[in-house]
Amino acid sequence: MKKKLITAPTDTAISLAEAKAHLVVEHSDDDTLIAAYISQATGFAEKYTGLHLMSQTWDYYFNCVNVNELSIDVNNATSVDQISYRETAGGLVLTQLPAVIATDYYVDLVSCPLKVKPVSSWPTITSEGYNNFVVRVTSGFASAAVVPSEIKTALYLIVGHLYRNRESVTVVNMHELPMGVSDFLNKVRVISL
């Protein structure tokens, strides 16, 4: 399974103003740097927890569908927006929108990972070529207000660390704080079995 980002998040789990308040930074000289650290912290938190932090849309590609149920590697899906497939090699791509998806497929948004299976049978899909079956999924928290506080706290800690330690080495012997980043993120981490 391959995936491609279709619509990136338009918001962040913590704002630049919130990060600056946490860092006790009152000037705007480092705004670009702090915004980059927020992005890096978000990427780390998403990779570590297996969750998309803010609402975003992805296409998940399959060469063929020869299983009873598709497991799609996304853990906090909010909707399946579209299913597209190719019946013949090089043929037209047929698209099914949410109204058809609701009647033709069972979609389990609660399970981790997301599960999709047909009510009766999968559509006829060519076995030639690549990316013949595509599922478009929206996932992530709808707004920063509903992002769990554990994730936000971890983001603040990561941004603070990156802001205060700008080199790859240090002469000071540093240790991870008790109740540090991993302790907060482990509370919401999704582990696939």
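Some points to look at:
- Those lysines that a straight Cα-Cα span of less than 17 Å connects to K117, excepting residues fewer than 8 apart in one chain: none
- Evaluated at q = 0.26, 0.30 Å⁻¹: base-10 log I(q)/I(0), Debye formula over Cα of segment 79-122: -0.97, -1.11
- Within straight-line cross-link reach of K20, lysines at Cα separation under 17 Å, skipping those fewer than 8 residues along the same chain: K152
- Cα centroid separation - segment 151-171 against segment 75-90, whole Å: 38
- Extension gain for D31 to L16 (0.36 nm times residue separation, less C-alpha to C-alpha distance): 4.7 nm.
- Cα-based helix-to-principal-axis angle, 31-49 vs the chain, degrees rounded to 10: 50
- Taking the C-alpha atoms of segment 25-75, convex hull volume expressed per residue in Å³: 112
- Ellipsoid equivalent to segment 78-193 - semi-axes via the Cα gyration tensor, in Å: 43, 18, 13
- Summed over qualifying helices (DSSP H, 4 residues or more, each -39500 (n - 2.57)) and divided by its residue number, the chain shows a 222 nm mean residue ellipticity of -9000 deg cm²/dmol.
- Cα-based helix-to-principal-axis angle, 149-164 vs the chain, degrees rounded to 10: 50
- Normalised by residue number, the volume inside the convex hull of the Cα atoms of segment 1-159 is 121 Å³ per residue.
Where a number appears in this text, it was derived from the coordinates with a stated rule and is not lab data. Everything numeric here is computed off the predicted structure, so don't read it as measured data.
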